[in-house]
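As C-alpha cells, the structure follows; a few thoughts come after it.
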Amino acid sequence: MIQLTEAGKRFGPKTLFEDLNWLVTPKERVGIVGGNGTGKSTLLKVMAGIEGLDYGTINGMKGIRAGYLPQDGINLTGRSVFDECMSVFEYIRAMEAEQKELEHRMGELDHESFEYQQISERYNHLQAEFTARDGYNIESRVGGVLTGLGFSKEDWQKRVEQFSGGWQMRIALAKLLLEEPNLLLLDEPTNHLDLEARNWLENYLANYPNAFVLISHDRYFLDVTVTKIVEIWNKRVWFYTGGYSKYESQKADRRVQIESAYRNQRDRIEALESFINRFRAQATKAKQVQSRIKELEKIERIEIPPDEKTIHFRFPQPKPSGRIVAEFKNVSKSYGTKTVFSGANFNIERGDRIALVGINGAGKSTLIKLLSGEEPVTAGEYTLGHNAEPDYFAQDQYKVLDPESSILYDLGTVASRASNTELRSVLGCFLFSDDDVFKKIGVLSGGERNRYALARMLMNPSNFLLLDEPTNHLDMRAKDVLLRSIEEFQGTVVFVSHDRYFIDKLATRVFEVADGAVTLYNGNYEEYLYRKSGAAEAAAAAQAASEKPKQQQGQQKQQQGQQPNKQAGQQQNNPAPAADDKQRRLNPIKLRQTKERQRGIEDEITRLEIEIADFEMALSDFQSAQQSIEIAEILEARRTDLQNLMTEWEEVSQMLEANR
C-alpha cells in the first residue's frame, strides 16, 4: 500500500534514519520501537503525509486512506460524544436520508411512470450500498467501541469539551477505529487507557480488517497485537518477524551472527594482507599477489554496530518494617453521598508487591491515598504497622518540587553519597541526558517532571512505597530500570499501572477495586484474569465431580471389608483424566495467544507457498549454473520452513481442539 525507497529524515543537524526501504502490505501488523528521539513518531507522520522526507521517496497505492492518531493535542468541541463518533458515518447517514426522501417521492408517483422507475433504481442502488456498508448497525458499532474504551452510557450524551485531554484522545481513537482506514497509524494509543480498555483494544486490533502500524512502550501489547517489529536504531531501520519478545531474541541472535561474520572476515583479511606483504617483492608470486589484492579490494567490510547503553544501578535498601505493614478493618470511603468502596478488610505484609486494578474512577488512587495518609477513612479502622514508613508517589508528584532547582543538584540533595556519574546514569535511565541534567525543574514539561519525581524518590526509598501510575511517560528502557529496582527492593510496594508486562513481572497479589468493594487475588495479573473468568472454579468443580464417584466406591469397598490396595488409592488421589485435562487446558490469555499464533502460522504458510512457487518457476528458467544452485538452496530452505510450520500448525490445532 505504501512504499518507502531509500528514505531518510533529519531533525536539524541530526539524522534520524536513512536508507529505509519498506513496503507496507495490506493487513500488515507492525510495531515501531526504538529509544526516545530516534524518529519513531516522525516516521509515523511521514507515513501519514504530515511530514515529508529529506531523502528518498514515498509512494502510496491509489485510493489509500490513512488514519493517524498522535500522542496528544486532540481538542474536540461542539458535539456530544456519541454524535462525534457518529460523524464518521456522515456518508452512510446521507444515504439513509436520501433513501427516506426517495421513499416519500415514490409514494406520490404513479408506479407505471418513467420517473418512478428511475427513482426506484436509484433507491435499490442506495439500499444495496447501505446494506453493504453495514448501515443498519452503525449505532450499535459506535456503542460497542465507546463501551470498550471505557465510556459509560451516561457519558455518551455529554459534550466532548467536558472531557479531559486523555479522554478526548479516547474519543479520537474511537473515531479512527470506526472509520476503519486502509492504514491505521497509532502513536502510543495505550497512553491514556486503563487495563480494561487496553485489553479491549488488543482484541479489537486482532480482528481489524486492514493494516496498522503503531508505536508503543508496552511489551505485552506489542506481543499480542503485531506480527512484525520495525526498530529504528543507530540511524538505520531493522525488520524483525513476530512480536516484541521474538524481536528481542532475534536481535540478540543477529548480533551474534554479525560478530561471528566479522571475526571470520577479519581472519580472511589478515590472511590476505599477510600473503600480500610476504610475497609482494617476489616476481614468481606476482600473479597470486595481484589476485589477492583484487579480492581484498572487493570485500565489503562488515561493521559491528555500537553497543546500546545498558544501565545497572542498585538503589539503597530501606530499614525493615514489621511483618504486618498495613491493616484495613471494615474500611469505607465516601465523598458526600458517593461511596467509593465499603467493608474493605485486608492485611498488607512485608515484601508484598500489590497491584491495584479496576476501571478509571473505580477508586484505585483513592485507596492509595488512604494507605499514604493523604486522606482519612470515612468509616472503619486503618492501622499502619510497626516501623512502616509510607512514601507516596502521586500522578502530580512534581508539584511539591522546587521549580528553581536544577534536576542534577536537586537529585544530589536526596542522594548525597552518589557520585556525579551515578546521578547522571540514573537521570539517563529516566531520559535526561547531556545538558538536560542542568535544566530547572520549573521549565520541565508535566511528563518530564513526573519522570524526575520518580527517579528522585527511588534514590532514597522508604520501606512502604505507594506508586500511582509510575510507568506513565516512561519508555521501555526506563520501565526496565524501574522494574529491576523494585524487584531488588526489600520493602513493600502497592502500585497502580496500566502496563501488563510490568504488572505480570512485579505483582505477587492483585487488589481489584470495583463495584464499591476491594477484592483480593493471589498471583500476578494473568492469574487474576484466569480466576476472575471463573475458569479456575469450573476446573476445580469438574475435578471434584470426577473424584466424588471414586470416593464413594472406595467407601463402599471399605464397608464391605474390602480394603483398597495402595495402587488404587493412588489412582483415587490423582485421577489421570483430570490431571491430563489440567495439563491440556489453557487459561484465557494463553488460549487467545494460541489462536493468534494459529492465524499467524496460516498467514506464514500462505506466504511460503507463494515464495516456493515463485522459486520453482525461477528454477525452471535457466540463466546460469551458479544462479540455479543458489535458487535450489533457497528453495530447499523454504520447503523445510514450510514443513516445520505445518508441524507447528498441527500441534497448535490439537491444543485448540482440546480446549473447545
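No lab work stands behind these numbers, since they all come straight from the coordinates. Bear in mind the structure is a predicted one, so any value in this text is a computation, not a measurement. Glycine also receives a Cβ, built like all others from the backbone with ideal geometry; neighbour counts cover every protein chain displayed.
Can you give the calculated 222 nm mean residue ellipticity of the chain, where each DSSP H run of n ≥ 4 adds -39,500 (n - 2.57) and the sum is split over every residue, rounded to the nearest 500 deg cm²/dmol?
Counting only the DSSP helices, I get -16000 deg cm²/dmol.
For MET47, MET95, which order do you get if you count the other beta carbons within 10 Å of each Cβ and list the fewest first?
In order of increasing Cβ crowding within 10 Å: MET95, MET47.
Binned at 10 Å from 0, what are the whole-percent values of the Cα-Cα distance distribution for the chain, short to long?
3, 11, 17, 22, 19, 13, 9, 5, 2, 0, 0
Listing HIS192, HIS386, HIS473 from the residue with the fewest other Cβ atoms within 10 Å to the one with the most, what is the order?
HIS386, HIS473, HIS192
Sort THR284, THR339, THR492 so that the residue with the fewest other Cβ atoms within 10 Å of its own Cβ comes first and the one with the most comes last.
Arranged by neighbour count, lowest to highest, THR284, THR339, THR492 become THR284, THR339, THR492.
Between the stretch 26-62 and the stretch 402-438, what is the C-alpha centre distance in whole Å?
Their Cα centres are 34 Å away from one another.
Taking LYS319 as the anchor, which lysines have their alpha carbon closer than 29 Å to its alpha carbon, excluding any fewer than eight residues away along the same chain?
Result set, ordered by chain and number: LYS329, LYS364, LYS369, LYS399, LYS479, LYS505.
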